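Colleague: Take a look at the following structure, please.
The values are calculated or read from the model by the stated rules, or taken from the named source; none is laboratory data. Being a predicted model, the structure only gives us computed values, none of them experimental. FYI the Cβ positions are ideal-geometry reconstructions off the backbone, even for glycines, and counts take in every protein chain you see.
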Amino acid sequence: MFFRKQKIEEPIKINRKVHMLTLDSRWHELFDGIKKPRHIADLEKKLTKLLAEQGQLTVDFKEYTLLKKKMMADIMENMKDAFEDEDDYAIHEMAKSKKYIQDIKDKIEKMEERMVTLPQDIENINKELLTYTMQNCYMRMFEDKKELEELEAWIERVRQELKDKLVRQTEAKEEYDKLYSYMHDLVGYEIIEMYDKKYDKKYDKKYLGGK
């Protein structure tokens, strides 16, 4: 196909924010029945993966925030036993809880950092996918336009040929009727039938492919 043969070194970069293409059913319909170009398929996978990461990150952040809140409550609950009652078990559990909380804080901080950078990563990949989608669609449109022009020219030729054939059909019918009418008036039906019996089969074999 034309757009596959045509190599474009640098596609036109589109610096415009648009909706997520992989979440758009119309975007998927662009490739119904055809294989996506490798670069578009790779970008689609990257974007799908990033969106999944964003969704999971949102869930994890909520869960860890709630867990941190619960651990803090547990520490407050154990403080009385640990310091007032000098309960060794309570002191041990409080120390464990502090360590868990620190681990949770570290994870939450990493999540927050990723939540800052992730939207930009998603937008960048979506823009790149848009750039290559536009390039692919335009080249396919260019090819379709060429084919449409060829089909229109062919249809025009066939239309003219059909018009000429219809004219010739009318002329042949008129000539046939004129000849038949003259012979019928000249010698009558019986003589014409004799000609039919003698020549029809030979005529069919020679001109119409009869057996």
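Colleague: For segment 100-119, which positions are polar (S, T, N, Q) and at pLDDT 95 or above? I'd like the intermediate steps shown before the answer.
Modeller: Looking only at segment 100-119, we keep the residues that are polar (S, T, N, Q), and these are 102, 117.
Within segment 100-119, just 117 meets the criteria.
Colleague: Tally the residues that are in contact (Cβ under 8 Å) with a residue 40 or more places away in the chain and either within 22 Å of residue 129 (Cβ to Cβ) or surrounded by 14 or more Cβ atoms within 10 Å (Cβ to Cβ) (or both), restricting the search to segment 61-72.
Modeller: Here is the first cut: in segment 61-72, the ones in contact (Cβ under 8 Å) with a residue 40 or more places away in the chain are 61, 64-65, 68.
Checking which are either within 22 Å of residue 129 (Cβ to Cβ) or surrounded by 14 or more Cβ atoms within 10 Å (Cβ to Cβ) (or both) leaves us with 61, 64, 68.
Result for segment 61-72: 3.
Colleague: Among the listed residues 51, 43, 47, which satisfies the condition of being surrounded by 12 or more Cβ atoms within 10 Å (Cβ to Cβ), modelled with pLDDT of 95 or more and closer than 13 Å to residue 136 by Cβ?
Modeller: Numbers: 51 fails: closer than 13 Å to residue 136 by Cβ; 47 fails: closer than 13 Å to residue 136 by Cβ.
Exactly one of 51, 43, 47 is surrounded by 12 or more Cβ atoms within 10 Å (Cβ to Cβ), modelled with pLDDT of 95 or more and closer than 13 Å to residue 136 by Cβ, namely 43.
Colleague: Further, regarding this structure: When you go through (1) hydroxyl-bearing (Ser, Thr, Tyr); (2) at pLDDT 80 or above; (3) over 27 Å from residue 10 (Cα atoms); (4) surrounded by 16 or more Cβ atoms within 10 Å (Cβ to Cβ) one by one for residue 97, which number turns out not to apply?
Modeller: (2)
Colleague: Does residue 155 qualify as being at pLDDT 95 or above, assigned by TED's automatic domain parsing to the domain that holds residue 26, farther than 30 Å from residue 16 by Cβ and part of a helix (DSSP H, G or I)?
Modeller: Working: at pLDDT 95 or above: yes; assigned by TED's automatic domain parsing to the domain that holds residue 26: yes; farther than 30 Å from residue 16 by Cβ: yes; part of a helix (DSSP H, G or I): yes.
The answer is yes for residue 155.
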